[in-house]
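Just so it is clear, none of the values below were taken in a lab; they were calculated from the coordinates. Everything numeric in this text was worked out from a predicted model, so none of it was measured. Quick reminder, even Gly has a Cβ in these numbers, built from the backbone with ideal geometry, and neighbours come from all protein chains shown.
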Amino acid sequence: VVNILYDKDTKRSRGFGFVNFSKEDDARCAKDAMDGKALLGRPLRISFALKKVRGGLVVVPHLSQIGDIATHNT
């Protein structure tokens, strides 16, 4: 399950979201594979959320260095 967060006023992406994995190994593999990689010329910073969602790990991807976008710092 993927949940991208949007600004309620502008309806634009806030630059981060959550990906819920049912298997911990899948979450770790995805994090290891994508952390530090570029997307549209911008580096991705991937980390685990502090809380579990419905018992599964959540990977928190967000783009760094995009002006004044609020990011989920873990």
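Structure summary
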quantity	calculated
Charge context of Met34, other residues only, Cβ under 12 angstrom, K/R +1, D/E -1	+2
Distant-in-sequence amide H partners of Leu44 (H built 1.01 Å from N, under 5 Å)	Gly36, Lys37, Ala38, Leu39
Contour minus Cα-Cα distance for Leu40 and Arg12 (0.36 nm per residue)	8.4 nm
